[in-house]
Amino acid sequence: MLKIIPHNTNIPFLKFRKITLIASMLLVLGSLVSWFTIGLNTGIDFRGGFIIEVRSNSGPANIEQLRGDLGGLGLGDISLQEFGVDTDLLIRVQSQNLEDSEALSEADKAAVNLVKDTLGETYTIRRTEYVGAVVGSELRQQATWAIIAALGAIMIYIWFRFEWPFAISAIVALAHDVISTVGLFSIIAHEFNLATVAALLTISGYSINDTVVVFDRVRDNLNRYKSDEIPVILNKSLNETLRRTFMTSITTLLALGSIYLFGGAVLADFALAMIWGVVIGTYSSIFVAVGTLVWFDLRPKEDEETPVPEYER
């Protein structure tokens, strides 16, 4: 039986907490600086633009060839996606209107006609829709509130599930993951769209799931080893859950790697955000979430009844 992580590991994770704390602070600071200086390469969902649904008249659509033909038109951001069957495509082109207007500008009309001329008789235009700048701004606000609401709900859950020190540690780790992911997209200038927001929410769920597993073991060990110091208990808990954390991350990364390599351009940004999120989420569960717990008094009050773990009942 292959054992990548052996039993009874004793890795001194918390020994490196000062180094990882500095590294995490630099990562978050660098992400914020990049976010506010370079900005994000937002997609059509947030910038506004138009969508053209087309159907190929000669069998399956040649996406790569069409992407090259449309990319040479100088219309800015253009994305193509299969829609339903392999003969149908959705073509998204960023707005050519420099003003915050919901009306289709002359530049946008010219861009639509240019795309249609490039498609020629090979494709049939089925519908054309326009997303204005105001709608894009509303989508940005809604995406921001969705992320904030998700983080808030997770914090409330952890607060009721454990105690407030665990909730604070969990939300610090989640904020670390979200900010660093946004910073990554800012630095590499990959498109940031609604799919990326979905990836951020998925990353939050994945990260908190890993964190809750470790927190459960921490709470059990606090009740079991009452004479040990807090850092010793935290380190022991991390080692006891290391195999589960490692195997979950590796198997998830294998699936995401396949999506990134073979899923096409449409799924590449989503998969990239998820890959980074799994890596940084695993790191934050160990060094940020649990590392932050060292600063709190986790010992239960003597007058409180200590719950017995389920596996000891």
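Residues Leu32, Leu26, Leu80: which one is over 21 Å from His190 (Cα atoms), modelled with pLDDT of 80 or more, under 28 Å from the mean Cα position of the chain (by Cα) and not hydroxyl-bearing (Ser, Thr, Tyr)?
Details: Leu32 fails: over 21 Å from His190 (Cα atoms); Leu80 fails: over 21 Å from His190 (Cα atoms).
Going through Leu32, Leu26, Leu80 in turn, just one is over 21 Å from His190 (Cα atoms), modelled with pLDDT of 80 or more, under 28 Å from the mean Cα position of the chain (by Cα) and not hydroxyl-bearing (Ser, Thr, Tyr): Leu26.
If the requirement is being surrounded by fewer than 18 Cβ atoms within 10 Å (Cβ to Cβ) and at pLDDT below 85, which of these qualifies: Gly132, Gly71? If you could, list the steps in order and put the result at the bottom.
Details: Gly132 fails: surrounded by fewer than 18 Cβ atoms within 10 Å (Cβ to Cβ).
Of the residues listed, the single one that is surrounded by fewer than 18 Cβ atoms within 10 Å (Cβ to Cβ) and at pLDDT below 85 is Gly71.
Selection of first residues in the stretch 274-298 that are hydrophobic (A, V, I, L, M, F, W, C) and of second residues that are not in a helix (DSSP H, G or I), restricted to Cβ pairs under 9 Å at least 6 apart or on distinct chains, gives the following pairs, ordered by first then second residue: Phe296/Glu163; Leu298/Glu163.
Report yes if Ile22 is surrounded by 15 or more Cβ atoms within 10 Å (Cβ to Cβ) and not hydroxyl-bearing (Ser, Thr, Tyr), otherwise no. So Ile22 does not fit the description; no.
Can Leu272 be described as of a type in the set (A, V, I, L, M, F, W, C), buried (at least 18 other Cβ atoms within 10 Å of the Cβ) and assigned by TED's automatic domain parsing to the domain that holds Thr20? Here the answer is yes, as Leu272 does meet what is asked. Given the structure, is Asn239 touching a residue at least 24 places away in the same chain (Cβ under 8 Å) and under 13 Å from Val290 (Cα atoms)? It is true that Asn239 is touching a residue at least 24 places away in the same chain (Cβ under 8 Å) and under 13 Å from Val290 (Cα atoms).
The values are calculated or read from the model by the stated rules, or taken from the named source; none is laboratory data. All values derive from a computational prediction rather than experimental measurement. With ideal geometry, Cβ positions are generated from the backbone for all residues, glycine too; neighbour counts draw on all protein chains shown.
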